[in-house]
Amino acid sequence: MSDNMSLVPNEQKFQSRIDAEEKVEPKDWMPEKYRQNLIRQISQHAHSEVIGEQPEGNWISRAPTLERKAILMAKVQDEAGHGLYLYAAAETLGITRDELIDRLHTGASKYASIFNYPSLTWADIGAIGWLVDSAAIVNQVSLQNTSYGPYARAMVKICKEESFHQRQGYNIMMTLMQGAELQRDMAQDALNRWWWPSLMMFGPHDAESAHSAQSMKWKIKRRSNDELRQQFVDQAVQQAQAIGLVVPDPDLSWNEERGHYDFGAIDWQEFQRVVSGNGPCNRQRLAHHVEAHTEGAWVREAMAAFEAKRRTARAEVA
Amino acid sequence: MKLNDPLTRYVVRLGDDALIMGHRLSEWMSRAPFLEEDIALSNVALDFVGRARLFYQYAAELMGGEVTEDTFAYQRDVRDFTNLLLCELPRGDFAFTLCRQFLYDAFSLPFTQALCHSTDPQLAAIAAKAEKESRYHLRRSSDWMLRLGDGTQESHERCQNALEQLWIYTDEMFECDDLVNDLVVAGVAVNTSSLRSTWLETVTETLRTATLAVPESQGGVTGGRVGIHTDDLGFILAEMQFMQRAYPGLQW
Ligand SMILES: [Fe+2]
Ligand SMILES: [Fe+2]
């Protein structure tokens, strides 16, 4: 309460609405920083869905069976759909999709760093679906209660589809683990490469997280990075063990007292390196998006020109 | 892989068309001009891959033994594939992909409608599902012809160029060889040569509205049905079959 005393009346009222778990809607008054913070988070989320199409999409043409191919296509298509829901949610905050894409291209807006790693073998498609979508679910379930209405509703829609993604990824891993030795090696190798980047998906430790405190107060975020990461580790470790995979962390152990797994230190230097643009695929991922967007400009112009002609024609009739 | 039974050969043919078309469309994922098109193109791609699976599953059933849908997709070389050349041409730009789609959809709708009346109940059932999809595909690709044809000068030119490039490959859709003719007599297959006038009407009407010219007939390139393809199919297969070739005999 004493905290709220320092706020101007509008902000005070706003904070009490948040405290009362009321949803903020597009037309409601909101502090400029709340708006900007949300735009940052939602657009980062949207870009992640879209850039995430690439590492998985590049295995559609090589999927080992027709059934896997069809499932992967549906999965990647869902991710594009998630991007769409999220851009729409961001647009309710008074920013256009063009501006959002521009920010992605200039590097002003980020996307999940994990998509800067390459998908080298078919097992990577299993690992991504299982781990990356699991991590996304853990995060997104908590965001179903985020304070901004359109964002919360987008999360509800998205979460429904994510569990299918997670299951198909885990099913790929399970099938590999039940297969030949080379398949088990492939699966283990994929886990070795994707495990730590998955833990990094939850962001810096709470103490070091730049945006966390204010975002929690505004209920843009509902649970801390470390809490979410712990939940992910607890479930993923058991899933790994169930199919005979070894989590690549020598410090991993069950802590009876905490009722959670303790795990080793995350290499934050690696995290910083990739976030700041020097991961293995940062340049290709962005260049791919820029290229597709640039190459598509004439199509978007044609659509606009066609619509304009139609409007004129309608006006003449009327 | 030698296929002797005429019905099996016919069914595999239809599966090949759908698989290769689906493959080309799926190449657009993450590369479309805007996000809604990523989704729409992958929707259509999924329809075609789904259609291929139904045809191949039926063919596998006809062959019996160890053969599965994947045998057809992953265990055959270029000379065994019998898809239309139109389906395998590289995706080109967005105009090329949509013009190809339009020319094919305008064929595919009357084709699947006719196949619904096949005396072979399995083929008729697959066609019933495919016909609904084709109806939507044609609506979609026709809309794009209008937008691109009557959009900007650039989009108009790109479309017109694409049509000129594609036209020579359209003849093959209406070609009836002995295999088809025999199955037509049995009421199983569609006499595609009888679909040409319907097709041309649809195409002419839409292109006219889109301010595009119907290309002059240049004769036709054919060969897909007997496994004489363009250079491009080999590369599709090299990519598509990589896993099954590198790691044969495993479950995935
Ligand atoms: Fe997603
Ligand atoms: Fe997902």
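General observations
- For the range A:222-242, the criterion of being away from chain B (no Cβ under 14 Å), hydroxyl-bearing (Ser, Thr, Tyr) and either farther than 23 Å from residue A:120 by Cβ or touching a residue at least 60 places away in the same chain (Cβ under 8 Å) (or both) is satisfied by at least one residue.
- Residue in the range B:36-43 that is more than 24 Å from residue B:187 (Cβ to Cβ), free of Cβ contacts under 8 Å to residues at least 40 places away in the same chain and part of a loop (DSSP other than H, G, I, E, B) present: no
- When the residues of the range A:118-132 are filtered to those that are buried (at least 22 other Cβ atoms within 10 Å of the Cβ) and away from ligand 2 (no atom under 16 Å from the Cβ), the one that is nearest to the other protein chains (Cβ to nearest Cβ) is A:122.
- The range B:14-44: number of residues that are open to solvent by 10 Å² or more (accessible area, probe 1.4 Å) and within 18 Å of residue B:118 (Cα to Cα): 1
- Any hit, the range A:112-125, residues being within 12 Å of ligand 1 (Cβ to nearest atom), touching a residue at least 12 places away in the same chain (Cβ under 8 Å) and assigned to a loop (DSSP other than H, G, I, E, B): yes
- Applying the condition of being among the β-branched types (Val, Ile, Thr) and within 13 Å of chain A (Cβ to nearest Cβ) to the range B:194-252 and asking which residue is nearest to residue A:66 (Cα to Cα) yields B:236.
- Residue list for the range B:7-44, filter: within 7 Å of chain A (Cβ to nearest Cβ) and of a type in the set (A, V, I, L, M, F, W, C): B:29, B:32, B:34, B:35, B:39
- The combined condition, being within 16 Å of ligand 1 (Cβ to nearest atom) and either within 14 Å of chain B (Cβ to nearest Cβ) or at pLDDT 95 or above (or both), is not fulfilled by residue A:100.
- Criterion (of a type in the set (A, V, I, L, M) and more than 26 Å from residue B:10 (Cβ to Cβ)) met by exactly one of B:183, B:148, B:166: B:148
- No other residue among A:188, A:166, A:214 is free of Cβ contacts under 8 Å to residues at least 40 places away in the same chain and more than 14 Å from every other protein chain (Cβ to nearest Cβ) apart from A:166.
- Filter result for the condition that a residue is more than 16 Å from ligand 2 (Cβ to nearest atom) and either within 14 Å of chain B (Cβ to nearest Cβ) or among the hydroxyl-bearing types (Ser, Thr, Tyr) (or both), over A:40, A:62, A:35, A:17: A:62
Here's the yes/no breakdown for (1) in contact with a helix residue (DSSP H, G or I) (Cβ under 8 Å, 6 or more places away or on another chain); (2) not aliphatic (A, V, I, L, M):
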{"site": "A:12", "(1), (2)": "yes, yes"}
{"site": "A:19", "(1), (2)": "no, yes"}
{"site": "A:27", "(1), (2)": "no, yes"}
{"site": "A:46", "(1), (2)": "yes, no"}
{"site": "A:75", "(1), (2)": "yes, yes"}
{"site": "A:87", "(1), (2)": "yes, yes"}
{"site": "A:90", "(1), (2)": "yes, no"}
{"site": "A:103", "(1), (2)": "yes, yes"}
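- Scope the range B:113-132; condition over 19 Å from the mean Cα position of the chain (by Cα) and not polar (S, T, N, Q); matching residues: B:117, B:120, B:121
- Looking only at residues of the range A:47-75 that are assigned to a helix (DSSP H, G or I) and among the polar types (S, T, N, Q), we find that the one that is farthest from ligand 1 (Cβ to nearest atom) is A:54.
- Filtered residue count, the range A:144-169, keeping only those that are within 23 Å of residue A:55 (Cβ to Cβ) and open to solvent by less than 40 Å² (accessible area, probe 1.4 Å): 9
- Annotation: of all residues in the range A:71-94 being away from ligand 2 (no atom under 16 Å from the Cβ) and open to solvent by 10 Å² or more (accessible area, probe 1.4 Å), the one that is nearest to residue A:23 (Cα to Cα) is A:92.
- The set of residues in the range A:223-267 that are under 19 Å from the mean Cα position of the chain (by Cα) and open to solvent by less than 70 Å² (accessible area, probe 1.4 Å) comprises A:224, A:225, A:226, A:228, A:229, A:230, A:231, A:232, A:233, A:235, A:236.
- In the range B:88-102, the residues that are at positive phi form Cβ pairs under 9 Å with partners that are in a helix (DSSP H, G or I), at six or more places apart or across chains, as follows: B:92/B:99; B:92/B:100; B:92/B:162; B:92/B:165.
- Enumeration of residues in the range B:184-213 that are more than 21 Å from the chain's Cα centre (by Cα) and of a type in the set (Val, Ile, Thr): B:185, B:209, B:211
- Test result for residue B:133, open to solvent by less than 20 Å² (accessible area, probe 1.4 Å) and either at pLDDT below 95 or farther than 22 Å from residue B:210 by Cα (or both): no
- Filter pass, residue B:172 being open to solvent by less than 60 Å² (accessible area, probe 1.4 Å) and part of a helix (DSSP H, G or I): yes
- Of all residues in the range A:76-90, those that are within 10 Å of another protein chain (Cβ to nearest Cβ) have Cβ atoms under 8 Å from Cβ atoms of residues that are near ligand 1 (Cβ under 8 Å from one of its atoms) and not in a helix (DSSP H, G or I), 6 or more apart or on another chain, in A:79/A:52.
- Test: residue in the range A:280-293 that is open to solvent by 60 Å² or more (accessible area, probe 1.4 Å) and closer than 30 Å to residue B:211 by Cα: yes
The values are calculated or read from the model by the stated rules, or taken from the named source; none is laboratory data. Fair warning: this is a prediction, and the values are worked out from it, not measured in the lab. Using ideal geometry, Cβ is built from the backbone for each residue, glycine included, and neighbour counts are taken over all protein chains shown. These accessible areas exclude ligands, DNA and RNA; they are computed on the full protein's heavy atoms, side chains included. Shrake-Rupley method; radii C 1.70, N 1.55, O 1.52, S 1.80 Å.
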